[in-house]
Amino acid sequence: MSDATSTTDAEPEPGTVYLIGSGPGDPDLLTVKAARLLETCDVVLHDKLPGPRILDSLPEDAEDVGKRAGGERTPQSAINERLVELAREGKSVARLKGGDPFVFGRGGEEAEYLAEHGIPFEVVPAVTAAIAAPAVAGIPVTHRDHASSVSFVTGHEDPTKDESTVDWNALAATGGTIVVLMGVGRLPDYTTALLEAGMAPETPVTLIERGTWPGQRVATGSLETIVDVRDEAGIEPPAVTVIGDVAGTRESVLEFLQNEPTDADSDEQEV
């Protein structure tokens, strides 16, 4: 009897995991590479935030591992384990995330876990919603006349932290543009923190809900009024908050801005 190991008994070479960003949600804004991989990979694991039209285009057997604020969610540890399990079966895996996978998307955590378990992976970057959502609302996050810097902040930190690691005092002192992702629920907390840090109450603020999605909505106000604006307009997650003088430039371009949604579900609240 031969001592050689049968090829049928050999473990398959692990497949590659692709950490893919979907961009802000409009399927036309998917990168060419992302679209190709979503068609050719053996299996797709997706979050809730790639946008409804992108999600509708995925294979029927795509696995939903998304999270909803206050709702049912798949633990990150379970997602990590599932990626390794599928790759060890020799499958190519598309791990689809909203926005860019490395901007508040836990892509870094997944990359580290894959590396620790010997799984090859590739990162497929995308346009982050932190830039794209303001852009489609007519707001540049930097502008020579208004802001030479931009700070990206998560409004939804790891709940296991004892306290926030965001230094709102430093952000207020730095100036420039502040873009908060996943921060609709905590809007009163950080607007108050910025006001207490000395930021002017009249600082323009814009909320963009579901940027590039069907039903995109925009609400504008100031640091002092934006919480009331949010409540009156009924702005809900997912939304991006833009704080700073650039938020005030929207009015000057709105008449000719072609990104504005046209479907019946769209709405706008200006205060």
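Here are some notes:
- Any hit, the range 150-158, residues being farther than 20 Å from residue 101 by Cα and open to solvent by 10 Å² or more (accessible area, probe 1.4 Å): no
- Taken over the range 101-125, the criterion of being closer than 21 Å to residue 238 by Cβ and open to solvent by less than 20 Å² (accessible area, probe 1.4 Å) is satisfied by 101, 105, 107, 110, 124.
- Some residue of the range 219-227 being touching a Ser or Thr at 6+ places or on another chain (Cβ under 8 Å) and under 30 Å from residue 30 (Cβ atoms): yes
- Counted residues, the range 29-58 - those being of a type in the set (S, T, N, Q) and over 18 Å from the mean Cα position of the chain (by Cα): 2
- Some residue of the range 53-69 being closer than 19 Å to residue 216 by Cβ and crowded, with 18+ Cβ neighbours inside 10 Å: yes
- Some residue of the range 193-211 being β-branched (Val, Ile, Thr), closer than 18 Å to residue 247 by Cβ and at pLDDT below 95: no
- When the range 85-100 is filtered for residues that are of a type in the set (Gly, Ala, Ser), surrounded by fewer than 24 Cβ atoms within 10 Å (Cβ to Cβ) and in contact with a Pro (Cβ under 7 Å, 6 or more places away or on another chain), only 90 remains.
- The number of residues in the range 164-192 being open to solvent by 30 Å² or more (accessible area, probe 1.4 Å), at pLDDT 95 or above and among the hydroxyl-bearing types (Ser, Thr, Tyr) comes to 1.
- With respect to the stated conditions, residue 254 is surrounded by 14 or more Cβ atoms within 10 Å (Cβ to Cβ), outside any loop (DSSP other than H, G, I, E, B), modelled with pLDDT under 95 and not basic (Lys, Arg).
- Qualifying positions in the range 239-248 - open to solvent by less than 20 Å² (accessible area, probe 1.4 Å) and outside any strand (DSSP E or B): 244, 246, 247
- Selection count where residues are of a type outside the set (Ser, Thr, Tyr) and assigned to a loop (DSSP other than H, G, I, E, B), scope the range 178-221: 17
- Selection over the range 216-238 of residues that are under 15 Å from residue 202 (Cβ atoms), buried (at least 17 other Cβ atoms within 10 Å of the Cβ) and touching a residue at least 24 places away in the same chain (Cβ under 8 Å) gives a count of 5.
The values are calculated or read from the model by the stated rules, or taken from the named source; none is laboratory data. Quantities reported herein were computed from a predicted structural model and do not represent experimental measurements. Every residue, glycine as well, gets a Cβ built from its backbone with ideal geometry; the counts of neighbours run over all protein chains shown. Just so you know, the surface numbers come from the protein's heavy atoms only, side chains and all, with ligands and any DNA or RNA stripped out. Shrake-Rupley method; radii C 1.70, N 1.55, O 1.52, S 1.80 Å.
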